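Some notes on the structure that comes next.
The values are calculated or read from the model by the stated rules, or taken from the named source; none is laboratory data. These numbers come from a predicted model, not from an experiment. As a convention, Cβ positions derive from the backbone with ideal geometry for all residues, glycine included, and neighbour counts pool all protein chains shown.
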Amino acid sequence: MTTIDTKTLDALGLTQKPAAAATNGNALGQDVFMKLLVAQLQNQNPLNPQDGKDFVAQLAQFSVVEGIESMKSAFSDFSSSSAQGQGLQMANLVGKNVLVAADRGVLDSSGSVRGKLNLADPSDRVTVDIYDESGKAIRSIDLGAQPAGEVEFTWDGKLDDGITVAPKGVYGIKAKALQNGGGQLALQPQVEAPVESVVMGGANGVQVDLGVLGKHGLKDILEVL
């Protein structure tokens with residue numbers, strides 16, 4: 001590679017002080033690159049000229065870098081636009097109930113906790129157990145034999161005596177299915193909850209806030225009710 005004299009760089013206005021280099025982030029723009037390429041051509045050894053393939057390779061490399069930077073900028077703009085559109089879409093969910101996988105539910109003024117279970121196979125008996133904050137079982141709901149597929153359940157807020165009503169609050173939920181071979185299979189409850197607000201701009205992207213059930217992304221919403 002031919003050495004370029006610093007006087008040539010001075011004449012081209014390409015020399016920079018350290019402070020200036022730090023200011024522009026050491027970025028090599030298209031104009032500067034072309035000036036350097038022209039200077040390289042003008043100052044090469046006429047008895048041993050630079051191979052034309054090397055110049056083409058340099059131009060190709062610069063074009064690739066420029067293309068990558070342009071793509072990064074385009075994808076960044078697209079991602080930002082997509083997130084805003086998703087946020088507006090999810091804003092329509094505020095005030096509506098959604099179904100999410102959760103191991104707890106909220107007994108509020110509605111007086112009940114509703115949800116679903118998914119059975120991969122038929123079961124001789126399906127039960128849903130409700131627990132208080134201390135982990136004590138306070139109600140067991142027997143759904144009986146169920147075919148494969150979705151199974152809905154509702155807890156009316158009453159304890160096992162069928163009379164006493166539990167106070168409003170958050171309760172644990174566990175479900176299981178009795179298989180034909182006699183074994184028990186734990187099931188993941190899907191609980192209904194109201195969307196209180198939409199959260200945008202966080203590390204996890206756009207999310208819906210379900211209050212005490214936490215924040216959930218769009219992929220976590222199994223159904224809008």
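Listed by position, the strands (runs of 3 or more DSSP E) inside the stretch 99-177 whose residues that are within 19 Å of Leu210 (Cβ to Cβ) and in contact with a helix residue (DSSP H, G or I) (Cβ under 7 Å, 6 or more places away or on another chain) number at least 1 are 104-107. A single member of Gly135, Gly169, Gly144, Gly202 is in contact (Cβ under 8 Å) with a residue 40 or more places away in the chain and in contact with a strand residue (DSSP E or B) (Cβ under 9 Å, 6 or more places away or on another chain), and it is Gly169. Could you identify the single residue in Gly105, Gly144, Gly115 that is modelled with pLDDT of 90 or more, exposed (fewer than 15 other Cβ atoms within 10 Å of the Cβ) and under 24 Å from Ala177 (Cβ atoms)? Just a single option satisfies the conditions, and that option is Gly144. Taken together, the criteria place Thr164 among residues that are among the β-branched types (Val, Ile, Thr) and more than 20 Å from Pro194 (Cα to Cα).
Does at least one position in the stretch 206-222 carry a residue that is assigned to a strand (DSSP E or B), surrounded by fewer than 16 Cβ atoms within 10 Å (Cβ to Cβ) and among the β-branched types (Val, Ile, Thr)? Checked against the condition, which is being assigned to a strand (DSSP E or B), surrounded by fewer than 16 Cβ atoms within 10 Å (Cβ to Cβ) and among the β-branched types (Val, Ile, Thr), the stretch 206-222 yields no hits at all. Among the residues here, Ala193 does not qualify as under 20 Å from Thr127 (Cα atoms), hydrophobic (A, V, I, L, M, F, W, C) and in contact with a strand residue (DSSP E or B) (Cβ under 9 Å, 6 or more places away or on another chain). Being of a type in the set (A, V, I, L, M, F, W, C) and either out of contact with any helix residue (DSSP H, G or I) (no Cβ under 6 Å at 6 or more places or on another chain) or buried (at least 17 other Cβ atoms within 10 Å of the Cβ) (or both) is a property that holds for Val191. The test for being among the charged types (D, E, K, R), within 33 Å of the chain's Cα centre (by Cα) and in the same structural domain as Leu117 (by TED's automatic domain parsing) does not hold for Lys158.
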